[in-house]
Amino acid sequence: MGVRAGVLLFAVAILSIHVASAGSKKPAAERSGIATFYTKHSQRACSYGIQLPKDGLFAAANAALFKRGAACGKRVRVRCVGKGCISNSVQQVPPGSSGKIVPGNNTGGPINVTIVDLCVSSCKRSHATLSLSLSAFSQLADPDLGSIRIRYNWV
């Protein structure tokens with residue numbers, strides 16, 4: 001076998017290992033946090049082209065997650081944990097009643113949100129990790145709660 005054939009086989013072997021390991025990438029570990037919600041969306045911190053997702057599922061991240069804008073446009077999987085979460089198995093109350101979703105004691109979510117801004121004052125006040133859009137928060141818990149315990153990870 002010539003030198004060229006040996007180099008080619010070596011390159012194919014390295015490429016095969018790289019491709020095989022790329023498919024087995026583990027998802028980021030879940031972390032604990034607190035989420036609140038906001039309704040006035042400025043997008044000042046991510047104003048360089050990040051559009052609000054059409055599904056309404058977006059969030060502002062605290063400074064630790066935001067990392068000076070590195071989080072702009074990234075997706076985070078969020079689920080509610082603890083009291084007040086909307087259980088996946090809980091349905092809307094019967095027609096003719098208030099129409100509110102009944103909170104349970106189970107996990108609400110998960111949902112995927114896109115980071116579109118930096119959360120400053122409201123996250124400091126409430127010690128929140130994420131400030132979710134009202135649409136996103138409503139899929140996890142009743143907004144009347146104001147804030148919820150969450151588990152989250154980057155996706």
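Report the net charge of residues surrounding Arg44, where surrounding means a beta-carbon distance below 15 angstrom and charges are Lys +1, Arg +1, Asp -1, Glu -1.
+1
For the stretch 33-39, take each phi angle, set θ = phi - 60°, evaluate the Karplus expression 6.51 cos²θ - 1.76 cosθ + 1.60, and give the result in whole Hz per residue in order, putting x for glycine and proline.
x, 10, 10, 10, 9, 9, 10
If I stretch the segment between Trp154 and Ala70 completely, what's the gain in nm (0.36 nm per residue apart, minus their alpha carbon distance), one decimal?
Net length gain for the segment: 29.0 nm.
Subtract the Cα-Cα distance of Leu145 and Thr39 from 0.36 nm times their separation in residues, and report this length gain in nm to one decimal.
Answer, rounded to one decimal: 36.7 nm.
No value in this document is a laboratory result; all are computed from the given coordinates. No experiment lies behind these values; they were computed from the predicted model shown. Virtual Cβ from ideal backbone geometry, glycine too; neighbours counted across all protein chains shown.
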